[in-house]
Amino acid sequence: MDLVNRREAIGIAAGFGAAVGLPAAAFAATGQKLEYPALLDATDARQFQLKAQSGTSRLRGNTASETIGYNQAYLGPTIRLRTGTDTRVEVQNTLNEPVSAHWHGLIVAGEFDGGPHQAIAPGATWTPVLDLDQPPATAWYHSHIHGATARQVMQGLAGVLHVTDGEDDARGLPSTYGVDDLTLVLQDRTFNRRGRLTYDVGMLQVMNGFLGNAMLVNGQSEATATVPRGLVRCRLVNGSNARIYRLSLSDAQPLHLVATDGGFLDRPIALGRVMLAPGERVEVLIDFTDGRDRVLMSDNIANSAMGSMMGGDSGGQFAVLPFAVDTTLPVRIDTLPDTVDGQLPDLSSADVAVRRLSLDMSMGMGMMTSRSGSQFSISGAPYDQETLNFSATLNSTEHWIVRGDMMMHPFHIHGVRFQVLSENGQKPRAENRGWKDTVLVAGEVELAMTFDKPAPSSAPYMYHCHILEHEDGGMMGQFSVV
């Protein structure tokens, strides 16, 4: 089958275009080749530098937009780290506002986590040490300044982390960066009629989260990924502020899930569709040995506090990324591995502390008139940086029962990786059966986690909704580990 042609791409993109007001033709495949963030390999040097900086980027067409990024104008480099090592970091802020660098998915001590308590003032430099003893995983980093996270991430302050042990070849996994091992940051963004990036957030965008009118992958629109005629590994990162993707391939071939947020599964799982909420990551293998081009698609997921649309489809699909097979590219891996050696110990013991949390939204008049933060809270308490919500014991295990209010909420916990024990009293779906640090709460979930790293009250861990407008609005709490 040839790559989906322009007419076909327009048709399957129509659902997204209708939902966000963009002509569907904007998602048609073009000849532009997808590029990948620069690879910053710190596995040997065990140190790296990041600089938060401003610039201009041509994200859509030839119109320049004002953007911010780490080490570049938009987004940041992909940073490769080796587990079992200490890596020293310098993060410099050259912007005129505070920023941070939260290592989303890295299990590091609270003082190095990069949350709101580690704000970097304009002109200042932060020097954390990343003490990694976790299994290999795809993580990411982004600014986490309370009240400014949504805008700063939308403008570009985010990047991807690869935690590696150097054993991917032994696992039979593709590992050549940008050839058969593809880092893909999925973001929807809004552009005005002149093609400039905009972030004009009104009441509905605050309530439901920001949804854009154009699809970007690695900061590029309408690009095509060239792939070898073999097995390709896609590290998919949902870097959107609020959009939920339900991904599939245009020819109904399976996506072979090999890793979730916190690391590898024990074996690949063939799935027709993979759900990916803001903050979540998955690694999937796609088999291109048949030489066929195909398109990564997404269902158009409705998630709104208005009308209680709990995860329904708002109609149609849209194109996320076309793939085109290039037979000149080297083929390293052409057979699916039987196992990928992930370990999932049993944390379901009933003899542990249980916490219950609710992700709360107000639909009163305050929602219609104020962005002060009081309309969003967790268990009735909006975020207060001076208030510690609770303390956990170092090396202890807890179960958290988290319930969402009014709509689906991607729930992220800093400083831990957890297991999803159940979703609405049922066995978790396949995407939630591995290690996680972010989970889409559509009703109620039960989570199990062990607190392996310390976080003093002066540098606590966050827990929050990863719809960034909800997080900025107060749907966040903090806890110490002592």
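The values are calculated or read from the model by the stated rules, or taken from the named source; none is laboratory data. Remember, it's a predicted structure, so these values are computed and weren't measured experimentally. Note that we place each Cβ from the backbone using ideal geometry, even for glycine, and neighbour counts take in every protein chain shown.
Test Gly415 against the stated conditions and say whether it is assigned to a loop (DSSP other than H, G, I, E, B) and either among the hydrophobic types (A, V, I, L, M, F, W, C) or not assigned by TED's automatic domain parsing to the domain that holds His104 (or both). Before you say what the answer is, go through the steps one by one.
Working: assigned to a loop (DSSP other than H, G, I, E, B): yes; either among the hydrophobic types (A, V, I, L, M, F, W, C) or not assigned by TED's automatic domain parsing to the domain that holds His104 (or both): yes.
Criteria met by Gly415.
Condition check ((1) polar (S, T, N, Q); (2) surrounded by fewer than 19 Cβ atoms within 10 Å (Cβ to Cβ); (3) in contact with a Leu (Cβ under 6 Å, 6 or more places away or on another chain)) across all residues:
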| residue | (1), (2), (3) |
| --- | --- |
| Gln385 | yes, yes, no |
| Ser391 | yes, yes, no |
| Ser396 | yes, yes, no |
| His409 | no, no, yes |
| Gly415 | no, no, no |
| Ser422 | yes, yes, no |
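Of all residues in the range 113-127, how many are free of Cβ contacts under 8 Å to residues at least 40 places away in the same chain, surrounded by 19 or more Cβ atoms within 10 Å (Cβ to Cβ) and touching a strand residue (DSSP E or B) at 6+ places or on another chain (Cβ under 7 Å)?
First, the residues of the range 113-127 that are free of Cβ contacts under 8 Å to residues at least 40 places away in the same chain: 114, 119, 121-127.
Still in the running and surrounded by 19 or more Cβ atoms within 10 Å (Cβ to Cβ): 114, 119, 126.
Narrowing the set further to residues that are touching a strand residue (DSSP E or B) at 6+ places or on another chain (Cβ under 7 Å) leaves 114, 126.
Looking only at that region, the number is 2.
Please verify whether the range 222-235 includes one or more residues that are modelled with pLDDT under 95 and either surrounded by fewer than 22 Cβ atoms within 10 Å (Cβ to Cβ) or over 15 Å from the mean Cα position of the chain (by Cα) (or both). Quick ask: steps written out before the conclusion?
Kept after step one, since they are modelled with pLDDT under 95, are these residues of the range 222-235: 222.
Filter again for either surrounded by fewer than 22 Cβ atoms within 10 Å (Cβ to Cβ) or over 15 Å from the mean Cα position of the chain (by Cα) (or both), leaving 222.
Yes, because at least one residue in the range 222-235 is modelled with pLDDT under 95 and either surrounded by fewer than 22 Cβ atoms within 10 Å (Cβ to Cβ) or over 15 Å from the mean Cα position of the chain (by Cα) (or both).
Of the residues Arg267, Arg281, Arg273, Arg292, only one is of a type outside the set (A, V, I, L, M), over 26 Å from Ile244 (Cα atoms) and in the same structural domain as Met215 (by TED's automatic domain parsing); which?
Matching residue, one of Arg267, Arg281, Arg273, Arg292: Arg292.
Hey, which of the strands (runs of 3 or more DSSP E) in the range 60-133, taking only ones fully inside, have at least 1 residues that are at pLDDT 95 or above and among the small types (Gly, Ala, Ser)?
Numbers: elements: 63-70, 78-82, 86-93, 102-104, 129-131.
Because the criterion is at least 1 residues that are at pLDDT 95 or above and among the small types (Gly, Ala, Ser), the strands (runs of 3 or more DSSP E) in the range 60-133 that meet it are 63-70.
Mind checking which residues of the range 246-282 are acidic (Asp, Glu) and surrounded by fewer than 24 Cβ atoms within 10 Å (Cβ to Cβ)?
Once the filter is applied, which keeps residues that are acidic (Asp, Glu) and surrounded by fewer than 24 Cβ atoms within 10 Å (Cβ to Cβ), the range 246-282 yields Asp251, Asp266.
Any idea which of Thr183, Thr198 is among the polar types (S, T, N, Q), under 15 Å from the mean Cα position of the chain (by Cα) and modelled with pLDDT of 95 or more?
Working: Thr198 fails: under 15 Å from the mean Cα position of the chain (by Cα).
On inspection, the qualifying residue turns out to be Thr183.
Contact list please: Cβ distance under 6 Å, first residue in the range 161-188 and not assigned by TED's automatic domain parsing to the domain that holds Trp140, second residue among the basic types (Lys, Arg) and part of a strand (DSSP E or B), pairs at least six apart or on different chains.
none
For the range 247-276, give me each residue that is among the acidic types (Asp, Glu) and assigned to a loop (DSSP other than H, G, I, E, B).
Of all residues in the range 247-276, those among the acidic types (Asp, Glu) come to 251, 261, 266.
Selection gives Asp251, Asp261.
Go over the candidates Ala109, Ala64, Ala73 one by one and state the one that is assigned by TED's automatic domain parsing to the domain that holds Arg196, within 23 Å of Pro456 (Cα to Cα) and either in contact with a strand residue (DSSP E or B) (Cβ under 9 Å, 6 or more places away or on another chain) or touching a residue at least 12 places away in the same chain (Cβ under 8 Å) (or both).
Values: Ala64 fails: within 23 Å of Pro456 (Cα to Cα); Ala73 fails: within 23 Å of Pro456 (Cα to Cα).
The conditions single out Ala109.
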